[in-house]
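Colleague: Got a structure here, written out as structure tokens. Questions coming.
Read the figures in this text as sums done on the coordinates, not as results from a lab. Computed from a predicted model, the values in this text were never measured in an experiment. Cβ placement follows ideal geometry from the backbone for every residue including glycine, while neighbour counts extend to all protein chains displayed.
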């Protein structure tokens with residue numbers, strides 16, 4: 001069994017299991033950098049007091065992908081799609097708790113080898129335990 005194959009089996013064992021929650025305190029510069037990076041000149045987030053709705057996608061995602069890669073060391077990881085529902089604005093000083101879980105995993109053989117199509121769900125709550133957003137994303141690893 002190759003390393004990627006055994007990694008995919010490890011990921012399958014994690015379907016439906018919530019990853020360890022992680023907390024992120026939202027700072028002014030985080031918001032400003034994100035708004036600049038996506039080229040959004042809206043004055044609402046230029047001063048860093050309120051974050052653009054898509055800012056939520058940057059919170060915790062990189063750490064989650066690192067966790068996935070520690071289980072299944074893919075050569076390449078691609079985004080396959082994103083569905084986002086926002087409920088509360090994110091502001092300066094908020095503490096956002098993220099929880100990720102793999103909800104589905106399917107695999108197939110491709111030209112580059114074995115590929116895994118992973119759908120994962122994430123939820124985001126603020127320091128008041130209010131649901132800020134929910135997200136469903138697919139990533140493709142091979």
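Colleague: From a point 7 Å beyond the Cα of residue 78 in the direction of its Cβ, which residues of the stretch 95-136 have a backbone N at a distance under 16 Å?
Modeller: 106-119
Colleague: Mind checking the full-extension length gain between residue 88 and residue 28? Use 0.36 nm per residue of separation minus the Cα-Cα distance, one decimal, nm. List each step's numbers first, then the result.
Modeller: On the way: separation 60, 0.36 × 60 = 21.60 nm, distance 1.76 nm.
Taking 0.36 nm per residue and subtracting the Cα distance, the gain is 19.8 nm.
Colleague: Which whole-percent values make up P(r) of the stretch 1-54 when all C-alpha to C-alpha distances are grouped in 5 Å steps starting at zero?
Modeller: Percent of pairs per bin, in order: 4, 16, 17, 10, 7, 8, 12, 14, 8, 3, 1.
Colleague: Please compute the modelled spin-label separation between residue 117 and residue 63, points set 7 Å along Cα→Cβ, answer in nm with one decimal.
Modeller: 3.0
Colleague: Could you state the angle between the C-alpha long axis of helix 28-37 and the longest principal axis of the C-alpha atoms of the chain, as a value from 0 to 90 degrees rounded to the nearest 10?
Modeller: Tilt relative to the chain: about 60 degrees.
Colleague: Before rounding to the nearest 500, sum -39500 (n - 2.57) across all DSSP H runs of length at least 4 in the chain and divide by the residue total; then give [θ] at 222 nm in deg cm²/dmol. Walk me through the numbers before you get to the answer.
Modeller: Values: 4 runs with 35 residues, N = 142.
Calculated at 222 nm, the ellipticity per residue is -7000 deg cm²/dmol.
Colleague: Would you please state the base-10 log of I(q)/I(0) at q = 0.17, 0.21 1/Å for the stretch 38-138, with intensities from the Debye formula using one equal scatterer on every alpha carbon?
Modeller: Each listed q maps to, in turn, -0.84, -1.11.
Colleague: Bins of 5 Å, beginning at zero and ending with the bin holding the largest distance: percent of Cα pairs per bin for the stretch 7-86, please.
Modeller: Calculated over all Cα pairs of the stretch 7-86, the distribution is 3, 12, 19, 19, 18, 13, 9, 6, 2, 0 percent.
Colleague: Note down the relative contact order for the chain as a percent, whole number, built from C-alpha pairs under 8 angstrom at least six residues apart. Intermediate values should be presented prior to the final figure.
Modeller: Values: 270 pairs, mean separation 42.5, N = 142.
The value is 30 percent.
Colleague: Roughly what angle does helix 3-12 make with the longest principal axis of the chain, taking Cα atoms, 0 to 90 degrees, to the nearest 10?
Modeller: 60
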